[in-house]
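These notes concern the structure reproduced below.
The values are calculated or read from the model by the stated rules, or taken from the named source; none is laboratory data. What you are looking at is a predicted structure, and each value in this text was computed from that prediction instead of being measured. Note that each Cβ is placed from the backbone with ideal geometry, even for glycine, and that neighbours are counted across all protein chains shown. To get the accessible areas, we keep the full protein, side chains included, count just its heavy atoms, and leave off ligands, DNA and RNA. Shrake-Rupley method; radii C 1.70, N 1.55, O 1.52, S 1.80 Å.
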Amino acid sequence: MKMHCTLSDYIIDLVQNSIEAQSSLIEVDVLEKDHVIKVHISDNGTGMDEETLAKVRDPFFTGGGKHDRRKVGLGISFLAQCVAQCGGKWDISSEKGTGTSLYFSLEQSNPDVPPVGNLASAMVCCMVLQGSYDLRFRRVYGNDSYSVSRLELLETLGDLQDAQSIIAVRTYLRTLEKELLQKGK
Amino acid sequence: MAKLTLADLKKLRDEKKKELGRRDTEGKTTQIIIGMGTCGIAAGAKDSFDAFLDEIDAKGLTDVAVTQTGCMGLCHAEPTVEVIVPGMPAIVYGNVKTDVARRIVNEHLVEKKLVNDHVFDKPAADIIK
């Protein structure tokens, strides 16, 4: 079974759930301190009732409806499996009409914890999806941090579909991330 | 060095635009649509996304839109990418690892030739049954 390789891949997958739920605001926090990584993703999308929420851990349940006959939904199942195999914690809460909030936290001393991976590229993927949503990304490493908001990027560049704009966003995020990691050393 | 600001971001993009002599009014846009569903992500679509950007940058191509979509029903052949070049048929490519992404930019976008060994035209059997 092929699963996501890095924590960045999990983040892309989970942010897409928020976008599919028609959120206008998604907040993503990725915090790394004292060898613990915590990721928190919350949105103001359609949310789920208790019955649906109870089913999201089931890999044979999907709320997506992208393909009528296909009955799998692996995004959250992958996360649950990953967290279980490296002794972390995760939880999801949701309210119909209000939004959904999900977090996971992993102790990086555990050798089974996947690497963070290319977080800058992952955030580019999350930022340049079509639609008018805002995505506020906050990255903390040790005692330093940076924040990037999708609406600010959109206002600055006027467009997030053109390859040259996306390349500029990627350079911007890569530089912020690189400087943060260097400072935190 | 001070932290990058949004003004720096704008400068980054504008310098690039100037360098490439891009005109905003220039008409026809090539579209690259990358399957970024769970199946695509697990197969490395993020790396392919990066490879497309790298090669577009290296070749100085303008008027290329890069977007993402969910699962296209070709989970067995992920990463999948649809390429729409004006004047050419829309093509869905499968197994687009980073090397294939670079080939698509060079062969399909630049030379206007299809990358025949990666063309996929049917979704998985459980979807069309």
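Details
- Members of segment A:156-174 that are β-branched (Val, Ile, Thr) and either open to solvent by 40 Å² or more (accessible area, probe 1.4 Å) or in contact with a Pro (Cβ under 7 Å, 6 or more places away or on another chain) (or both): A:Thr171
- Some residue of segment B:97-106 being part of a loop (DSSP other than H, G, I, E, B) and either of a type in the set (Val, Ile, Thr) or at pLDDT below 95 (or both): no
- Evaluating A:Ala168 against the criteria (1) within 7 Å of chain B (Cβ to nearest Cβ); (2) within 20 Å of A:Ile26 (Cα to Cα) leaves one unmet condition, (2).
- A residue that is touching a helix residue (DSSP H, G or I) at 6+ places or on another chain (Cβ under 7 Å) and more than 9 Å from every other protein chain (Cβ to nearest Cβ) cannot be found anywhere in segment B:9-18.
- Exactly one residue out of A:Val113, A:Val72 is modelled with pLDDT of 85 or more, assigned to a loop (DSSP other than H, G, I, E, B) and out of contact with any Lys or Arg (no Cβ under 8 Å at 6 or more places or on another chain): that is A:Val113.
- Residue tally, condition more than 14 Å from chain B (Cβ to nearest Cβ) and either in a loop (DSSP other than H, G, I, E, B) or at pLDDT below 95 (or both), over segment A:1-32: 3
- Pairs, first more than 14 Å from every other protein chain (Cβ to nearest Cβ) in segment A:122-143, second surrounded by fewer than 23 Cβ atoms within 10 Å (Cβ to Cβ) and in a helix (DSSP H, G or I), C-beta under 6 Å, six or more apart: A:Asp134/A:Leu151; A:Gly142/A:Gly184
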